[in-house]
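> For reference, the structure I am asking about is given below.
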Amino acid sequence: MKVLVIGGGGREHALVWKIAQSPLVDKVFCAPGNPGIAQQAECIPLKVDDLEGLLAFAKKEAIDLTVVGPELPLTLGIVNLFRKEGLTIFGPEQQAAQIEGSKNFSKSLMAKYGIPTAEFAAFSDYDQAVAYVRSKGAPIVVKADGLAAGKGVYVAQTEVEALEALKEIMLDDAFGEAGTQVVVEEFLKGEEASFFAFTDGRNILPLVSSQDHKQVFDGDQGPNTGGMGAYSPAPVVTPDLYEETIRQVIEPTIRGMAAEGCPYSGILFAGLMIDNGKLKVLEFNARFGDPEAQPLLMRMKSDIVPVFMACAQGRLEQQALEWHDKAAVCVVMASGGYPGSYEKGFEISGLDEAAEIDDLMVFHAGTQLKDGRVCNSGGRVLGVTGLGTTIAEAIEKAYSGVHTINWQDVRYRTDIGQKALRKP
Ligand code: AMP
Ligand code: GLY
């Protein structure tokens, strides 16, 4: 088989690494990929939103399976386009990808199908949104409706902050089209977890639990990022909560999407808030999490390719997943300044030494070759992921890799996974 992976971050490196191990696969391509991915796949210089270019490539190469990493091509309708041409592609169609592409869509779906979530209201009128915020008071959460590259969510501790957020989104058009509607919702406290399930639109196949670390600094301080690290399993997701998530969230969502006329296939990502043993959904995403994909895929024992094919072809009931009885921890090494501005082009040292360490993978995200040398080129640069018999051992393994690697102004959290150790 020939497989095409779309994307070029740490998540896609983990996907390519896993897919390349399948005995079914002869060749992996990745568009656009990165220098780490180039070790396992042929990288094709096509952007993730160049739908026509990707389609032409897939047809020319007779690609047997395409796997989409990021949300943008999904919301642009890449799955519809490929399927119309008879190509097999893993991911939701455009209408179904709204579950991530529109907060109002996903909140309304949750309300209609009784899926536990924060109380909310949606507005396209600024004055009405202001009146609602005033009536509710703070803390309160303001979200741009559409895709905003992870920046459209304001967790406002005061009414003034919430009103400022409404102004930025609705009057100053900080997110353009994505901000023509806002969702204002109840502030939820608790601990977050990430829950993933494969689905073909009818059947579901849940993954093991995981958690990421969104804030940039140790102790969950500072601004939110795409994720500074992740681990699996996440003890906050007890066996009871795991079952409840399937019954109360994943199953009704998949049934609801089918009932709405937009059956969802691919991987469904529920961002959960867990407080006192009760769960609520913060958001849905239409893709694998990044960095959650790195620890999850390192723990996965089964061949992932038959699962992708079964999701895409509507026969997931024939599949099961096996997992390594190990924990995995991914520490993101980022450019100094991230999630704000940062300098690029510093040479990264220690990659060859890190590659020698057993049970450790260095997944590339924002890297680039400059005169044959690997340099930082994005905010999140590497996802250093270790396996261990326990979370404590996996933490030690991941940081042994981190301490081997260096570049100017590198930044990483030193407490990834510690939350899991504090659990009884
Ligand atoms: P979202 O993109 O909706 O997941 O929001 C991004 C982040 O904002 C989440 O991971 C949470 O950390 C935070 N957040 C979102 N909604 C809420 C909420 N209702 N209460 C508290 N924090 C939230
Ligand atoms: N790590 C969270 C996300 O991928 O959205």
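The values are calculated or read from the model by the stated rules, or taken from the named source; none is laboratory data. Quantities reported herein were computed from a predicted structural model and do not represent experimental measurements. Note that we place each Cβ from the backbone using ideal geometry, even for glycine, and neighbour counts take in every protein chain shown. Heads up: the accessible areas ignore ligands, DNA and RNA and are worked out on the full protein's heavy atoms, side chains in. Shrake-Rupley method; radii C 1.70, N 1.55, O 1.52, S 1.80 Å.
Listed here are the residues, each with its yes/no results for (1) open to solvent by less than 30 Å² (accessible area, probe 1.4 Å); (2) in a loop (DSSP other than H, G, I, E, B); (3) of a type outside the set (Gly, Ala, Ser).
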position	(1), (2), (3)
Phe29	yes, no, yes
Val48	no, yes, yes
Gly53	yes, no, no
Ile63	yes, yes, yes
Pro73	yes, no, yes
Ala97	yes, no, no
Glu100	yes, no, yes
Ser106	yes, no, no
Leu109	yes, no, yes
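> Would you confirm whether or not segment 160-175 contains a residue that is touching a Pro at 6+ places or on another chain (Cβ under 7 Å) and surrounded by 15 or more Cβ atoms within 10 Å (Cβ to Cβ)? Talk me through it step by step, then tell me what you get.
Of segment 160-175, the ones touching a Pro at 6+ places or on another chain (Cβ under 7 Å) are none.
Within segment 160-175, none of the residues are touching a Pro at 6+ places or on another chain (Cβ under 7 Å) and surrounded by 15 or more Cβ atoms within 10 Å (Cβ to Cβ).
> Which pairs do you get when a residue that is on the phi > 0 side of the Ramachandran plot, found in segment 144-170, comes within reach of a residue that is open to solvent by 80 Å² or more (accessible area, probe 1.4 Å), reach meaning Cβ atoms under 8 angstrom, with the pair 6+ apart or on two chains?
Going by the 8 Å Cβ cut-off, the qualifying pairs are Gly150/Asn224.
> Mind listing just one residue for me: the one in segment 141-168 that is assigned to a helix (DSSP H, G or I) and among the acidic types (Asp, Glu) and, of those, nearest to ligand 1 (Cβ to nearest atom)? Give the derivation first.
Keep residues of segment 141-168 that are assigned to a helix (DSSP H, G or I), which gives 159-168.
Now drop any that are not among the acidic types (Asp, Glu), which leaves 159, 161, 164, 168.
Values: Glu159: 16, Glu161: 13, Glu164: 17, Glu168: 16 Å.
Ranking the qualifying residues of segment 141-168, first place goes to Glu161.
> Please tell me if Phe57 is of a type in the set (Phe, Trp, Tyr), assigned to a helix (DSSP H, G or I) and surrounded by fewer than 20 Cβ atoms within 10 Å (Cβ to Cβ).
Against the criterion (of a type in the set (Phe, Trp, Tyr), assigned to a helix (DSSP H, G or I) and surrounded by fewer than 20 Cβ atoms within 10 Å (Cβ to Cβ)), Phe57 qualifies.
> Okay, moving on. Quickly run through segment 169-186 and pick out the residues that are under 11 Å from Lys143 (Cα atoms) and in a helix (DSSP H, G or I).
Result: Ile169, Met170, Ala178, Gly179.
> What is the residue count in segment 374-417 for residues that are out of contact with any Cys (no Cβ under 9 Å at 6 or more places or on another chain), buried (at least 17 other Cβ atoms within 10 Å of the Cβ) and of a type in the set (S, T, N, Q)?
Final tally of qualifying residues: 3.
> Being within 16 Å of ligand 2 (Cβ to nearest atom), within 30 Å of Gln21 (Cα to Cα) and β-branched (Val, Ile, Thr) narrows it down to one of Ile304, Ile250, Ile267, so name that one.
Working: Ile304 fails: within 16 Å of ligand 2 (Cβ to nearest atom); Ile250 fails: within 16 Å of ligand 2 (Cβ to nearest atom).
Of the residues listed, the single one that is within 16 Å of ligand 2 (Cβ to nearest atom), within 30 Å of Gln21 (Cα to Cα) and β-branched (Val, Ile, Thr) is Ile267.
> Pick from Val133, Val142, Val183, Val216: which is within 16 Å of ligand 2 (Cβ to nearest atom) and either buried (at least 16 other Cβ atoms within 10 Å of the Cβ) or modelled with pLDDT under 95 (or both)?
Values: Val133 fails: within 16 Å of ligand 2 (Cβ to nearest atom); Val142 fails: within 16 Å of ligand 2 (Cβ to nearest atom); Val183 fails: within 16 Å of ligand 2 (Cβ to nearest atom).
After applying the criteria, what remains is Val216.
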